[in-house]
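The values are calculated or read from the model by the stated rules, or taken from the named source; none is laboratory data. As the structure is a computational prediction, the values presented were derived from the model and not from experiment. Cβ atoms come from the backbone with ideal geometry, glycine included; neighbour counts cover every protein chain shown. Each accessible area value is taken on the protein alone, full model and side chains, heavy atoms only, with ligands, DNA and RNA left out. Shrake-Rupley method; radii C 1.70, N 1.55, O 1.52, S 1.80 Å.
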Amino acid sequence: MLHYTIQNWEFESPKVPFFLLHGFLEDLSMWKHLNLPSMHPWVLIDLPGHGKSANVLCDTMEEMAVHVKAVLNQLAIHH
């Protein structure tokens, strides 16, 4: 499973969180200098092979999408 953090999200809230995905050779710490609005929930993900997801490997963009979808499923986001 990918490593991720959640900000400003109460699971009972009807708001669907925004997901932030970093670029190549980065990790979710790249967002720490961004002042994310507190009125929105945020999920920050370390993609496979990066940050605290360094032990998760994948070879294709399709496999990466499967890993991100697993996070959506774990958080029960089906919108």
Scan segment 7-45 for residues that are touching a strand residue (DSSP E or B) at 6+ places or on another chain (Cβ under 9 Å) and touching a residue at least 60 places away in the same chain (Cβ under 8 Å) and jot them down. Pro17
Can you tell me which residues in segment 1-17 are surrounded by 15 or more Cβ atoms within 10 Å (Cβ to Cβ), polar (S, T, N, Q) and modelled with pLDDT of 95 or more? none
Sort out which residues of segment 23-35 are surrounded by 14 or more Cβ atoms within 10 Å (Cβ to Cβ) and assigned to a loop (DSSP other than H, G, I, E, B), and write them in order of number. Glu26, Asp27
Could you list, in sequence order, the residues of segment 1-17 that are farther than 18 Å from Val66 by Cα, out of contact with any Ser or Thr (no Cβ under 7 Å at 6 or more places or on another chain) and either hydrophobic (A, V, I, L, M, F, W, C) or in a loop (DSSP other than H, G, I, E, B) (or both)? Ile6, Trp9, Glu10, Phe11, Glu12, Ser13, Pro14, Lys15, Val16, Pro17
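Identify all residues within segment 36-79 that are farther than 20 Å from Glu10 by Cβ, open to solvent by 30 Å² or more (accessible area, probe 1.4 Å) and either in contact with a helix residue (DSSP H, G or I) (Cβ under 7 Å, 6 or more places away or on another chain) or in a loop (DSSP other than H, G, I, E, B) (or both); write none if there are none. Outline the logic, then answer.
Taking segment 36-79 as the starting set, the residues that turn out to be farther than 20 Å from Glu10 by Cβ are 46-70.
Filter once more, so that each one left must be open to solvent by 30 Å² or more (accessible area, probe 1.4 Å): 49-52, 54-55, 57-67, 69-70.
Those that are farther than 20 Å from Glu10 by Cβ, open to solvent by 30 Å² or more (accessible area, probe 1.4 Å) and either in contact with a helix residue (DSSP H, G or I) (Cβ under 7 Å, 6 or more places away or on another chain) or in a loop (DSSP other than H, G, I, E, B) (or both): Gly49, His50, Gly51, Ala54, Asn55, Leu57, Cys58, Asp59, Thr60.
Is it the case, given these coordinates, that Leu20 is assigned to a loop (DSSP other than H, G, I, E, B) and open to solvent by less than 70 Å² (accessible area, probe 1.4 Å)? Break it down into steps so the answer makes sense when it comes.
Numbers: assigned to a loop (DSSP other than H, G, I, E, B): no; open to solvent by less than 70 Å² (accessible area, probe 1.4 Å): yes.
Answer is no for this residue.
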